[in-house]
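The values are calculated or read from the model by the stated rules, or taken from the named source; none is laboratory data. These numbers were taken from a predicted model, which means no experiment stands behind them. Glycine also receives a Cβ, built like all others from the backbone with ideal geometry; neighbour counts cover every protein chain displayed. Keep in mind that these areas ignore ligands, DNA and RNA; they rest on the heavy atoms of the full protein, side chains included. Shrake-Rupley method; radii C 1.70, N 1.55, O 1.52, S 1.80 Å.
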Amino acid sequence: MVNFVTLILFIFTSHVYRALAIEQQPFELSTGSEQEHIITSVLKQSVILPCKAVLLIMDPERVMWYKITDAGQSPLSVGKSLITKDSRISVAYYSFDHGLSPAKWDLHINDIRLSDTAHYQCHVVERNGQISARSNVKLVVEDVIVNIQPSDVLISVGDRTEFFCNFTGQYRVRRNKITWLKDGKPLLSDASHMTISTELPNATVTVLSILASRPTDIGSYRCTDGSHVQSKEVKLYLRDGNLYQSIQSLSSSVTNMLNAVQTSEPSLQIEVTSPVICGTGSKRYVDYTVKFKTTLPVFKQNESVIHRRYSDFEWLHKELERADTKIAVPPLPDKAWQRQLPFRKDNGLFQDDFIEERRRGLEIFINKIAVHPLAQNERALHVFLFEPEIDITNYVRGKVNK
């Protein structure tokens, strides 16, 4: 009889414990379209994986990140503490409005590798442990194939040569991001060097043309995707011989061009100087003085001094991209959205060091544009350099020379 009672009590107790265990399992919320969230990157870049699950739970007790592969699930972090020993991975916790809305728990991965391709899961548990939520991010890491032709070349003084650089792969390299370097330094278009980039259905192609080779053209040439992550390099050599005799053998037109390039001072110079903060409150902006000086006949004035703000440079950038040309428009300094967030402890966009950094970037941008032979014929550039105010309403896109 005792054994029978004991058995009954054991069965009843087991059911009670099982019921309690079921009740203690947190109710899991759904983030809806989480499976559709895919982030694509390329090698050696940095990515930020957002945790969408925190949008469903205002007061989380734990936020955990996992990496999920065919081999299984690996924990990466719990809260702000890292479990993984991979130094490239970190968790960024921050709040825009001091807790009034859910904080961010983003996973940062630097120096991306092919092995980082995986599903990543963010698991958030409410403080009382009764509710949890998960969100998934699929990270796709793509490699870009860069091919440059011809390889190392040997030519004579005055010869014309071209380098063709192709970027192929699922990841599209945009033509306005491509840059050419000579001996590690940016190569600007001028009277004897021209670059043209084109986006095709399955590749982005850029062409560097050296119209008449001279001794200073000897060196290494590299085409890059703009961030110097994907690139290829070739070298150019000139044949031995007497430089004077080689030049004398050229046509008179090429000889005159070479002499002008080798002996004349730079024919175009633009300075972006004297940044001044104007306006008040939300209408504040930085005014820059743009000083222009040239001897090139394509411009109607040899000198000008005008005032421009960042949005004017943006207008020029957009107009040149819209123009019916093959101009590879160089990038502008970015908009720096993080500096526009409220509750910053510094002056954001109006911090002295940031203003100076942006000024240098704008100066590099406008000089690259002004020396480009195709851009020199665009009305937008002439309006930007010479008109006191840019009248967007009455502006008509077109060429200055027909």
Amide H proximity to Ser156 below 5 Å, modelled H, separation 5+ or other chain, gives Arg239
Too long at a 21 Å Cα-Cα cut-off: which of Lys232/Lys318; Lys185/Lys235; Lys104/Lys283?
Lys232/Lys318; Lys104/Lys283
Simple label model, 7 Å out from Cα along Cβ direction - Thr393 to Tyr94, nm:
4.0 nm
Hey, can you grab everything whose amide H is under 5 Å from the amide H of Leu82? Only 5+ residues off in sequence or another chain; H modelled, so Pro and N-termini drop out.
none
Size of the dipole of the range 350-402 about the Cα centre, Lys and Arg at +1 and Asp and Glu at -1 on the beta carbon, nothing else charged, in debye to 20?
480 debye
Could you give me the ³J(HN,Hα) list for the range 291-304, computed from phi with Karplus coefficients 6.51, -1.76, 1.60 and θ = phi - 60°, whole Hz, x at Gly and Pro?
9, 10, 8, 7, 10, 6, x, 5, 9, 6, 10, 7, 9, 7
Excluding ligands and nucleic acids, what accessible area in Å² is computed for Lys318 using a 1.4 Å probe, to the nearest 10?
100 Å²
Site Ser87, offset 7 angstrom along Cα→Cβ, radius 20 Å on amide nitrogen, limited to the range 103-119, gives 108-116
Set of the range 279-306 residues, backbone N closer than 11 Å to the point 7 Å along the Cα-Cβ line of Arg379
none
Stretchable slack from Ala203 to Val140, in nm (0.36 nm times residue separation minus alpha-carbon distance)
20.8 nm
